[in-house]
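See below for the structure under consideration.
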Amino acid sequence: MKVIVVGCTHAGTAAIVNLKEIHPNSDVTVYEKNDNISFLSCGIALSVNKVVTEPEKLFYNSPEGLAKIGVNTKMKHEVTDIDFDNKKVKVKDLTSGKEFEDSYDKLVLTLGSWPIVPRFEGGNLENIELCKNYDHAKTIIAKSSNAKNVVIIGAGYIGVELVEAFEDLGKKVTLIDAEDRIMSKYLDKDFTDIAEKEFSSRGVNLVLGEKVQKFEGANGKVTKVVTENGSYDGDLVVLCIGFAPNTKLIKDKLETLPNGAIIIDEYMRTSKKDVFAAGDCCVVKYNPAGDERYIPLATNAVRMGTLVAKNIVEPTLKYLGTQGTSGIKIYEQNIASTGLTEEVAKKTTKFNVGSVILTDNYRPEFMPTFEPATIKLVYDKDTRVIIGGQIVSKIDLTQFMNTLSVVIQNKMTLEDLAVTDFFFQPHYNKPWSLLNAVALKAL
């Protein structure tokens, strides 16, 4: 069995490693445009403020590692065209410029995503950077040493983490987002208010509800970011506006969503026979809403890549879908969420949306120390099925959202969660788990 894998970050690496384990005699070739694989971009902010001392530590595999397990590893090679009917790909060696064809029995598309970059006036000025791959990480770290005023555009997780990193380094930081709250896709206002207070109390300039119009500069370098309402000094600007599927290669050749995300079935199969896809280039089954959405997350990518390997010969293991579970640490606050927020649920679903919030100390007050935690459930009032949740505390209680992810996946109700069995030990919790307690409050 001859397998070609196109692209090799999280989904591609997972597919390849598992393919060689399950099918050791398979002939696997990977074509990757970059000279590296498996870079954890979620660690760039940690590298900026030296929590991770070197960005090189953010790799968990390498071209040499894949070669050792028998993979034909072709770095700096770009697949420029695919003939699905004749099972051939056209490839360009980016070093030599030579072009050639290769054939496959099975094709795996792990094309990933790429940052959204609107066409701003002045967008070609120096020191306006993206934040996605290893090269971006090195550039941001190098340029941050001389930067005084840093502007982050986009208040999702990556943007928010960079704000903290630059503030830790003593930079004057401005965060701009068109939404009126930070991290609004992941958290409701009760939780984003806490995160925003952490930033504003440290002098971060939060510019929310404003759209960037243009960049201004001097001597070819950016000096200001101009929105519809104001102008903000910035000698280093990082664009964190979001991501789109990197699927120009297969445009009009495979079934996709309007945004280009490849449509796959529960076994990772595309609309073409013997062609599989995984990771940020694909749709995911989104369990809380019961539909398909584009949710680029490394956790989705590694699962989907693994499933490609499991199912490449015959359908074996189904994809269970995702709850979009995620977490973030902002200074002392540990925050996590899963499923739909109340706001997103009301905007994008037909649920009769209800919610409940509980604040309680995470363990008994007779213990030497205890801290309050705030937890929220989002549910359908008609069916009582739980569709989302969030938690914040100075103690790391984020694993509660992993538990709640399972609750949502299995369509459990408020009544189910209220009496689910969780252990009690005073070091860790109270006789009623926070999950029990918030469900009981809803009842």
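The values are calculated or read from the model by the stated rules, or taken from the named source; none is laboratory data. Small disclaimer: the values here were computed from a predicted structure and weren't measured. Note that each Cβ is placed from the backbone with ideal geometry, even for glycine, and that neighbours are counted across all protein chains shown. All accessible areas refer to the heavy atoms of the entire protein, side chains included, with ligands and DNA or RNA removed. Shrake-Rupley method; radii C 1.70, N 1.55, O 1.52, S 1.80 Å.
Using 1/(1 + (r/R0)^6) with R0 = 41 angstrom and r between the beta carbons of Lys68 and Val117, what's the FRET efficiency to the nearest 0.05? Write out the running numbers ahead of the final one.
Working: r = 37 Å, r/R0 = 0.89.
Calculated value: 0.65.
With the simple model of a label 7 Å out from the Cα in the direction of the Cβ, Asn229 to Glu371 spans 3.2 nm. Rg/Rh for the range 117-176 stands at 0.93; both radii use Cα atoms, and Rh follows the Kirkwood definition. Rolling a 1.4 Å probe across all protein chains gives Arg293 an accessible area of roughly 50 Å². In the context of the full protein assembly, His23 retains an accessible surface of approximately 40 Å², using a probe radius of 1.4 Å and ignoring ligands and nucleic acids.
Each residue, Glu266 and Lys197, gets one label point 7 Å from its Cα in the Cβ direction; the gap between the two is 4.5 nm. Available extension along the chain between Asn259 and Ser96 is 55.4 nm, counting 0.36 nm per residue and deducting the alpha carbon span. Antiparallel beta bridges, as assigned by DSSP with both residues in the chain, represent about 60 percent of the total such bridges.
Provide the packing ranking of 418-426, 221-229, 236-244, i.e. peptides ordered by the mean count of other C-beta atoms within 10 Å per residue, highest first.
Working: 418-426: 11.4, 221-229: 17.2, 236-244: 22.1.
Packing proxy ranking, top to bottom: 236-244, 221-229, 418-426.
Taking only protein heavy atoms and a 1.4 Å probe, what accessible area per residue, in Å², does the range 1-72 have with all protein chains in place?
Per residue, the range 1-72 has 42 Å² of solvent-accessible surface.
Put simply, the range 173-217 fits an ellipsoid with semi-axes of 21, 14, 6 Å; these come from the alpha carbon gyration tensor as the roots of five times its eigenvalues, largest first. How many angstrom lie between the C-alpha centres of the range 175-222 and the range 34-61? When both Cα centres are located, 24 Å separates them. Considering only the range 1-126, what is the antiparallel percent among its DSSP beta bridges, to the nearest 5? Rounded to the nearest five, the antiparallel share is 50 percent.
Percent of accessible area on the chain owned by carbon and sulfur, 1.4 Å probe? Before the final figure, lay out the partial values.
Details: 9870 of 20300 Å².
The nonpolar share, carbon plus sulfur, comes to 49 percent.
Short-range pairs are left out: with C-alpha atoms under 8 Å and at least six residues apart, the relative contact order of the chain is 13 percent. Inter-label distance, Lys329 to Asp360: 2.6 nm, where each label sits 7 Å from its Cα along the C-beta direction.
Over the C-alpha trace of the chain, radius of gyration and Dmax come out as 23.2, 72 angstrom. Here the range 50-181 carries DSSP beta bridges of which approximately 70% are antiparallel, counting only pairs with both residues inside. In percent, rounded to a whole number, the relative contact order of the range 124-184 is 30, using alpha-carbon pairs under 8 Å and six or more apart.
How far, in nm, would the chain grow between Lys189 and Asn410 when pulled straight, counting 0.36 nm per residue and subtracting the alpha carbon separation?
Numbers: separation 221, 0.36 × 221 = 79.56 nm, distance 2.68 nm.
Computed gain between Lys189 and Asn410 is 76.9 nm.
The listed residues Glu164, Glu292 rank as Glu292, Glu164 when sorted by accessible area, largest first, using a 1.4 Å probe. Subtracting the Cα-Cα distance of Lys211 and Thr316 from their residue separation scaled by 0.36 nm leaves 33.1 nm.
For the range 1-147, the relative contact order works out to 28 percent when only alpha carbon pairs closer than 8 Å and six or more residues apart are counted. These residues, Tyr186, Tyr428, Tyr104, go from largest to smallest accessible area, 1.4 Å probe, as Tyr428, Tyr186, Tyr104.
Would you mind counting up the charge near Phe243? Only other residues with Cβ under 10 Å from its Cβ, with Lys and Arg at +1 and Asp and Glu at -1. Let's see the in-between values first.
Working: positive: Lys132; negative: Asp280.
Local net charge: 0.
Rg/Rh, computed from the Cα trace of the range 337-411 with Rh as the Kirkwood radius, has the value 1.05.
Think of a 1.4 Å ball rolled over the protein heavy atoms: the range 104-202 then has 43 Å² of accessible area per residue.
Give the shape of the range 317-360 as rounded, prolate or oblate, defined through the alpha-carbon gyration tensor: a ≥ b ≥ c are the square roots of its eigenvalues, a/c under 1.5 means rounded, and otherwise the shape is prolate if a/b is larger than b/c and oblate if not. Write out the running numbers ahead of the final one.
Numbers: a/c = 2.30, a/b = 1.16, b/c = 1.98.
Oblate is the answer for the range 317-360, as a/c is 1.5 or above yet b/c matches or exceeds a/b.
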